[in-house]
């Protein structure tokens with residue numbers, strides 16, 4: 001009988017264990033996490049993450065804001081400025097956010113509390129900002145549902161003025177041309193067609209241009225919104241809008257009920273089908289008479305505009321919002337990636353995809369506006385509008401003039417719904433990830449938490465369904481989703497560039513992907529993150545404060561107290577940053593002197609690298625050599641990335 005050597009046995013077991021670890025990582029690239037790494041799920045496939053991010057980046061703003069900015073800022077000249085800003089600011093900062101989320105496997109709140117505890121409030125600011133946006137953004141999605149359902153009635157109701165809710169100022173181009181077609185001398189006024197004799201007898205003339213209110217505008221304001229005359233008159237809840245808002249939240253909750261396992265599947269449809277509809281609308285649009293005039297108006301460059309700082313400012317802001325920077329959504333999505341996911345390639349795919357979608361949307365929109373301008377016997381400039389004016393007035397008006405209008409209306413509003421719901425997923429997922437990161441036990445009751453958050457946000461959104469709700473929505477959209485994101489983004493850049501350090505950041509990126517950027521790319525990233533992006537954001541903030549004007553909605557000027565509500569909403573997330581720093585300084589490491597305490601609070605904690613330690617194990621390379629900690633790319637001291645070394 002042979003007695004086994006306990007030492008040899010122990011070595012054999014250790015070797016076997018190590019080999020199994022290598023094999024497991026080599027075959028499946030699954031994370032082996034120690035106790036300090038949160039029990040998080042992973043995207044079931046790489047395309048889940050790509051489509052989720054693309055769906056978030058490609059939102060309503062690509063369709064209703066980008067084309068208007070092109071018109072406002074010199075057409076093709078703005079496209080040049082936009083593309084420059086995408087590569088100068090958009091992609092580098094986007095890469096920064098994805099790196100933070102993927103490296104730490106944490107959502108925004110935990111990312112900053114482990115990266116630099118003194119700036120823990122930046123993560124909380126992101127979560128609160130996402131909460132405010134999700135409240136009113138789902139109301140806009142509910143509007144698209146309202147229009148979509150109403151388009152199923154067999155005819156588009158917004159093209160007529162014969163409804164009870166219409167006023168005598170309502171002007172329907174369809175009714176007007178029918179009146180004139182019967183007899184050129186007929187007169188159209190007070191929603192009625194009068195023959196010339198009766199009109200002359202009663203001193204009736206065609207309704208003057210300045211008094212005309214388009215039928216789609218009255219449909220939006222008087223029928224769907226039941227809009228009151230002022231913010232002071234808030235009115236009662238509009239029950240059709242309450243139902244639409246509830247339906248929108250049901251879709252969000254069901255899509256996120258099991259976290260990324262469900263949302264990762266839903267985005268395969270919600271992120272791709274809008275492109276199918278865009279293509280269909282583009283083909284239909286370019287075949288319409290007058291479409292070429294609209295597209296020429298869209299692309300013709302006025303390069304003198306590039307000398308105006310406002311053009312570059314608009315381009316930078318559009319890039320900032322289009323990439324969903326500083327909203328927490330991209331950090332959240334990246335936190336569910338596997339550690340060694342090649343996020344550099346993801347940034348290029350998502351960034352270029354978002355940029356091309358914006359450009360393509362412009363052709364779709366302006367082909368329709370060119371057709372509409374021809375129908376109205378006016379210039380394209382007179383029918384261009386932005387935001388809800390484009391999505392719910394100008395574009396529906398153009399659709400109403402097309403053959404088989406209900407079909408095109410269904411496609412258009414379904415596309416808007418899908419574009420909006422993808423962006424809403426990211427905002428709500430940011431909130432949910434905050435709950436799961438702060439209270440890990442709630443992960444076991446994920447469906448219950450998702451439902452609770454959905455109900456809570458639905459209740460907070462009910463005031464937006466009131467007759468004066470559109471005024472509150474305008475306040476939230478202008479203030480809560482405006483400069484707070486720029487302030488958060490500025491703090492985010494400061495933490496990475498000057499507190500954590502660009503050398504550590506680049507090292508983390510290499511540790512995950514094995515990619516060591518060349519000198520030109522490295523220089524571009526360093527200069528962008530350390531100087532260009534902060535300066536651009538700072539200039540935009542400064543100009544927005546210097547040239548601040550009280551909020552307006554059409555011709556209505558908001559009262560002082562309305563603007564005060566807006567400033568309060570804007571300050572809530574921003575206040576988290578200094579308050580969080582004060583709280584950390586007052587409660588953490590109190591045994592140290594103040595300066596040493598602050599220095600300690602700016603340093604990353606052990607939990608920041610917990611995910612890296614769990615995943616940076618020896619990996620079997622193609623040549624049989626062990627990579628990982630033995631890989632020089634991961635063990636050599638990283639180069640010092642600072643402006644003085646470029």
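Considering 144, 114, which residue is in contact with a helix residue (DSSP H, G or I) (Cβ under 6 Å, 6 or more places away or on another chain), part of a helix (DSSP H, G or I), closer than 30 Å to residue 598 by Cα and touching a residue at least 60 places away in the same chain (Cβ under 8 Å)? Before you say what the answer is, go through the steps one by one.
Working: 144 fails: closer than 30 Å to residue 598 by Cα.
Only one candidate passes the filter, namely 114.
Of the residues that make up the range 270-286, is at least one in a loop (DSSP other than H, G, I, E, B) and under 24 Å from the mean Cα position of the chain (by Cα)?
To start, the set of residues in the range 270-286 that are in a loop (DSSP other than H, G, I, E, B) comprises 271-272.
This time we only want the ones that are under 24 Å from the mean Cα position of the chain (by Cα), so: 271-272.
Yes, the range 270-286 contains a residue that is in a loop (DSSP other than H, G, I, E, B) and under 24 Å from the mean Cα position of the chain (by Cα).
Which is buried (at least 21 other Cβ atoms within 10 Å of the Cβ) and touching a strand residue (DSSP E or B) at 6+ places or on another chain (Cβ under 8 Å), of 397, 354, 346? Step through it out loud before you land on a result.
Numbers: 354 fails: touching a strand residue (DSSP E or B) at 6+ places or on another chain (Cβ under 8 Å); 346 fails: touching a strand residue (DSSP E or B) at 6+ places or on another chain (Cβ under 8 Å).
It is 397.
If you take the residues in the range 541-575 that are assigned to a loop (DSSP other than H, G, I, E, B) and farther than 17 Å from residue 476 by Cα, which one is nearest to the chain's Cα centre (by Cα)?
Here is the first cut: in the range 541-575, the ones assigned to a loop (DSSP other than H, G, I, E, B) are 547-551, 554-555, 558-559.
Filter again for farther than 17 Å from residue 476 by Cα, leaving 547, 555.
On the way: 547: 25, 555: 28 Å.
Filtering the range 541-575 for residues that are assigned to a loop (DSSP other than H, G, I, E, B) and farther than 17 Å from residue 476 by Cα, the one nearest to the chain's Cα centre (by Cα) comes out as 547.
Here is a list of conditions, (1) over 19 Å from residue 92 (Cβ atoms); (2) under 20 Å from the mean Cα position of the chain (by Cα); (3) modelled with pLDDT of 90 or more; (4) in a helix (DSSP H, G or I), and residue 336 meets all of them except one; can you say which number that is?
Status for residue 336: all satisfied but (4).
Kindly indicate which of 199, 271, 215 is touching a strand residue (DSSP E or B) at 6+ places or on another chain (Cβ under 8 Å), touching a residue at least 12 places away in the same chain (Cβ under 8 Å), surrounded by 15 or more Cβ atoms within 10 Å (Cβ to Cβ) and closer than 30 Å to residue 421 by Cβ. Before the answer, list the steps.
Numbers: 199 fails: closer than 30 Å to residue 421 by Cβ; 271 fails: touching a strand residue (DSSP E or B) at 6+ places or on another chain (Cβ under 8 Å).
Being touching a strand residue (DSSP E or B) at 6+ places or on another chain (Cβ under 8 Å), touching a residue at least 12 places away in the same chain (Cβ under 8 Å), surrounded by 15 or more Cβ atoms within 10 Å (Cβ to Cβ) and closer than 30 Å to residue 421 by Cβ holds for just one of 199, 271, 215, which is 215.
Checking residue 369 against (1) buried (at least 24 other Cβ atoms within 10 Å of the Cβ); (2) under 24 Å from the mean Cα position of the chain (by Cα), which test does it fail?
All conditions are met except number (2).
I'd like to verify a number: residues in the range 43-68 that are more than 17 Å from the chain's Cα centre (by Cα), part of a helix (DSSP H, G or I) and modelled with pLDDT of 85 or more, how many? It would help to see each step written out before you state the result.
Keep residues of the range 43-68 that are more than 17 Å from the chain's Cα centre (by Cα), which gives 43-48, 68.
From what is left, the residues that are part of a helix (DSSP H, G or I) are 46-48, 68.
Then keep just the ones that are modelled with pLDDT of 85 or more; that gives 47-48.
Number of matching residues: 2.
I'd like the full set of residues that are closer than 18 Å to residue 217 by Cβ, loosely packed, with under 15 Cβ neighbours inside 10 Å and under 37 Å from the mean Cα position of the chain (by Cα), limited to the range 146-166. Break it down stepwise before answering.
Residues of the range 146-166 that are closer than 18 Å to residue 217 by Cβ, as a first pass: 146-147, 150-151, 156-166.
Imposing the further condition that a residue be loosely packed, with under 15 Cβ neighbours inside 10 Å reduces the set to 162, 164-165.
165, the sole residue that qualifies.
Checking the structure you have, find out if any residue of the range 521-528 is at pLDDT 90 or above, buried (at least 18 other Cβ atoms within 10 Å of the Cβ) and farther than 30 Å from residue 341 by Cβ.
No: zero hits.
Step by step: first the residues of the range 576-591, then only those that are surrounded by fewer than 16 Cβ atoms within 10 Å (Cβ to Cβ) and under 29 Å from the mean Cα position of the chain (by Cα), then the one that is nearest to residue 496 (Cα to Cα). Which residue is that?
Among those that are surrounded by fewer than 16 Cβ atoms within 10 Å (Cβ to Cβ) and under 29 Å from the mean Cα position of the chain (by Cα), it is 578.
Looking at (1) over 38 Å from the mean Cα position of the chain (by Cα); (2) modelled with pLDDT of 65 or more; (3) surrounded by 13 or more Cβ atoms within 10 Å (Cβ to Cβ), find the lone condition where residue 594 falls short.
(3)
Of the residues in the range 84-109, how many are closer than 14 Å to residue 333 by Cα and in a helix (DSSP H, G or I)? Write out each step before concluding.
Within the range 84-109, the subset closer than 14 Å to residue 333 by Cα is 94-109.
Checking which are in a helix (DSSP H, G or I) leaves us with 94-104, 108-109.
Residues in the range 84-109 being closer than 14 Å to residue 333 by Cα and in a helix (DSSP H, G or I): 13 in total.
To keep it simple, each residue is scored yes or no on (1) within 24 Å of residue 51 (Cα to Cα); (2) buried (at least 23 other Cβ atoms within 10 Å of the Cβ); (3) at pLDDT 95 or above.
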residue: 229; (1), (2), (3): no, no, no
residue: 234; (1), (2), (3): no, no, no
residue: 247; (1), (2), (3): yes, no, yes
residue: 252; (1), (2), (3): yes, yes, yes
residue: 262; (1), (2), (3): yes, no, no
residue: 267; (1), (2), (3): yes, yes, no
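How about the range 478-507: which of its residues are farther than 17 Å from residue 93 by Cβ and surrounded by 20 or more Cβ atoms within 10 Å (Cβ to Cβ)?
Answer for the range 478-507, where residues must be farther than 17 Å from residue 93 by Cβ and surrounded by 20 or more Cβ atoms within 10 Å (Cβ to Cβ): 479, 480.
Among the candidates 409, 381, 441, 426, which residue alone is modelled with pLDDT of 90 or more and surrounded by fewer than 19 Cβ atoms within 10 Å (Cβ to Cβ)?
On the way: 409 fails: surrounded by fewer than 19 Cβ atoms within 10 Å (Cβ to Cβ); 381 fails: modelled with pLDDT of 90 or more; 426 fails: surrounded by fewer than 19 Cβ atoms within 10 Å (Cβ to Cβ).
Of 409, 381, 441, 426, the one residue that is modelled with pLDDT of 90 or more and surrounded by fewer than 19 Cβ atoms within 10 Å (Cβ to Cβ) is 441.
Tell me whether the range 179-193 contains one or more residues that are farther than 25 Å from residue 460 by Cβ, touching a strand residue (DSSP E or B) at 6+ places or on another chain (Cβ under 7 Å), modelled with pLDDT of 85 or more and assigned to a loop (DSSP other than H, G, I, E, B).
Taking every residue of the range 179-193 in turn, at least one turns out to be farther than 25 Å from residue 460 by Cβ, touching a strand residue (DSSP E or B) at 6+ places or on another chain (Cβ under 7 Å), modelled with pLDDT of 85 or more and assigned to a loop (DSSP other than H, G, I, E, B).
Being over 25 Å from residue 99 (Cα atoms), out of contact with any strand residue (DSSP E or B) (no Cβ under 8 Å at 6 or more places or on another chain) and in contact (Cβ under 8 Å) with a residue 60 or more places away in the chain narrows it down to one residue among 541, 579, 595; which is it? I'd like the intermediate steps shown before the answer.
On the way: 541 fails: in contact (Cβ under 8 Å) with a residue 60 or more places away in the chain; 595 fails: in contact (Cβ under 8 Å) with a residue 60 or more places away in the chain.
After applying the criteria, what remains is 579.
Specify the residue that is modelled with the lowest pLDDT; the eligible residues are those in the range 459-477 that are touching a helix residue (DSSP H, G or I) at 6+ places or on another chain (Cβ under 9 Å), within 21 Å of residue 127 (Cβ to Cβ) and surrounded by fewer than 21 Cβ atoms within 10 Å (Cβ to Cβ).
477
The values are calculated or read from the model by the stated rules, or taken from the named source; none is laboratory data. Predicted model only: the values in this text are computed from it and were never measured. Methodologically, a virtual Cβ is constructed for each residue, glycine included, from the backbone with ideal geometry; neighbour enumeration extends over all protein chains shown.
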